[in-house]
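Since the structure comes first, as structure tokens, the remarks are kept for the end.
The values are calculated or read from the model by the stated rules, or taken from the named source; none is laboratory data. Keep in mind that this is a model prediction, so the values were computed, not measured. We place every Cβ from the backbone using ideal geometry, glycine too, and count neighbours over all the protein chains shown.
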Amino acid sequence: MAITGAVDHVTDGGAVRRVHNGHSLMGRITGSGCTATTVIGAFCAVNTDAVEATASALAFFGLAGEYAARAGTCRDIRRRPDRYAAGRDAGSGHREARIEGEGERQA
């Protein structure tokens, strides 16, 4: 299960991961939740550990949001967030994300 917000929380009932990144405008972008789900699916396709894959996907997605905000691709979002296509520049702004965790993954 993943709950996104200022800090994203991912768990399988045992292991818990918290992802600390993203941008406050991401929640206002139409389709960003659906896009995040698609990114999670792609990461889960190549990593059998669903908790780690989901946390990594959310970290990647958050970094893309930070990059978009810094690069100015979100400059019009405050006026019309419904007109911005989420993830347009995903993957272009790499930096290290902080993922915290505890507990063991459920079998």
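List of remarks:
- Of all residues in region 39-63, those satisfying the criterion of being exposed (fewer than 14 other Cβ atoms within 10 Å of the Cβ) and part of a helix (DSSP H, G or I) are 41, 42, 45, 46.
- Checking each residue in region 1-27 for being among the β-branched types (Val, Ile, Thr), part of a loop (DSSP other than H, G, I, E, B) and without any contact (Cβ under 8 Å) to a residue 24 or more places away in the chain picks out only 7.
- Selection within region 7-32 - exposed (fewer than 13 other Cβ atoms within 10 Å of the Cβ) and modelled with pLDDT of 90 or more: 13, 14
- Pair list, Cβ < 8 Å and 6+ apart or interchain, from region 28-49 residues that are of a type in the set (Asp, Glu) to residues that are part of a loop (DSSP other than H, G, I, E, B): 49/105
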